[in-house]
Each structure stands twice: as C-alpha cells, then as structure tokens.
1. Where residues in the stretch 111-128 are within 16 Å of the chain's Cα centre (by Cα) and in a helix (DSSP H, G or I), which of them is farthest from residue 54 (Cα to Cα)?
2. Answer with yes or no whether residue 92 is closer than 21 Å to residue 127 by Cα, at pLDDT 90 or above, in contact with a helix residue (DSSP H, G or I) (Cβ under 9 Å, 6 or more places away or on another chain) and buried (at least 16 other Cβ atoms within 10 Å of the Cβ).
3. Give the residues of the stretch 25-77 that are surrounded by 14 or more Cβ atoms within 10 Å (Cβ to Cβ), in a strand (DSSP E or B), out of contact with any Lys or Arg (no Cβ under 6 Å at 6 or more places or on another chain) and β-branched (Val, Ile, Thr), sorted by residue number.
4. If you check every pair at least six apart or on different chains, which have Cβ atoms under 6 Å apart with a residue in the stretch 39-59 that is more than 11 Å from residue 130 (Cβ to Cβ) first and a residue that is part of a helix (DSSP H, G or I) second?
5. Out of the residues in the stretch 15-24 that are in contact with a Pro (Cβ under 9 Å, 6 or more places away or on another chain) and surrounded by 16 or more Cβ atoms within 10 Å (Cβ to Cβ), state the one that is modelled with the highest pLDDT.
6. Determine, yes or no, whether residue 100 is aliphatic (A, V, I, L, M), surrounded by 12 or more Cβ atoms within 10 Å (Cβ to Cβ) and farther than 18 Å from residue 38 by Cα.
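The values are calculated or read from the model by the stated rules, or taken from the named source; none is laboratory data. Given the structure is predicted, the values throughout are model-derived calculations rather than measurements. Methodologically, a virtual Cβ is constructed for each residue, glycine included, from the backbone with ideal geometry; neighbour enumeration extends over all protein chains shown.
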Amino acid sequence: MRKWLAMLGAVGLILGVYGVGTGSCNKGPEVIKLPSPKMKKTTVTFSHHKHQEILNGNCGECHHSKTADWKQVPYKEGMKIEKCETCHNKSHPNKKLNSVKKAMHANCKGCHKSMKKAGKKHGPVKCTGCHKK
C-alpha cells in the first residue's frame, strides 16, 4: 500500500510540475510512465501529448477538481490541481472512484469504450492494451 501511495504521489508531482501546473493546458510531458504496482512487470506508457491533441487542449476531460459536495468541476486555466489521491481515496463517497486506480480505469477506459462505440479511433479497452508485459 505504501509503494502504491508513493508511486501515486510521484505521478501527481510529475503531472503538477510538467503538466497543468505550468499555467497552460497545452504544456506538459510528451509521455508519462505510470508504474503498475500490482502488475510488477508492467508500466503504462501514456502519451500525454497525443491525448492533448485528440482533446484539442480540453484539459478538463481528464483533470478536474471537486466542490464541497463532491461534484466534479472541469479544469480551467489557473485552477489549482490537487493530486488525484487527494479525492480518490477511501473517503470518496462513490465506491467506484475511491482509489486512483479505479478513477483512472473509469475515466480512461470509459472514454476509450465510448469512442469505440461511436465508431471513432480509440485507445485500448482491455488490460493488456495499456499494461504491456
């Protein structure tokens, strides 16, 4: 559990320093490597730049904050971005989003599946599509 939290903290720091924390949605690392703690030999290689292009710089599709009553607020330039685990933890009222893993799977896989259903080019929808050995 500590390794998972340490990894998430590092990812949050990377995203904060190189991603939306730079003041503009269209900046950030080209690629982000996300270690998968339970699948020790896999690392998710996430093309941040490619997603920025696909979403036309609409950072709020992935990055967001919350209101006091847990409603999601899409990112807007200048907004403070918290680390994912600030909200996506055991205190989150929605059990489907009470961990960073669950939130990423819901958001990423959910988007890929809806694009596939709409007949558009889409990202992976199965585990091995992202978690390559």
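1. The extreme case among them is 127.
2. Against the criterion (closer than 21 Å to residue 127 by Cα, at pLDDT 90 or above, in contact with a helix residue (DSSP H, G or I) (Cβ under 9 Å, 6 or more places away or on another chain) and buried (at least 16 other Cβ atoms within 10 Å of the Cβ)), residue 92 does not qualify.
3. Once the filter is applied, which keeps residues that are surrounded by 14 or more Cβ atoms within 10 Å (Cβ to Cβ), in a strand (DSSP E or B), out of contact with any Lys or Arg (no Cβ under 6 Å at 6 or more places or on another chain) and β-branched (Val, Ile, Thr), the stretch 25-77 yields 32, 44.
4. Filtered contacts from the stretch 39-59: 55/61; 59/20.
5. 15
6. no
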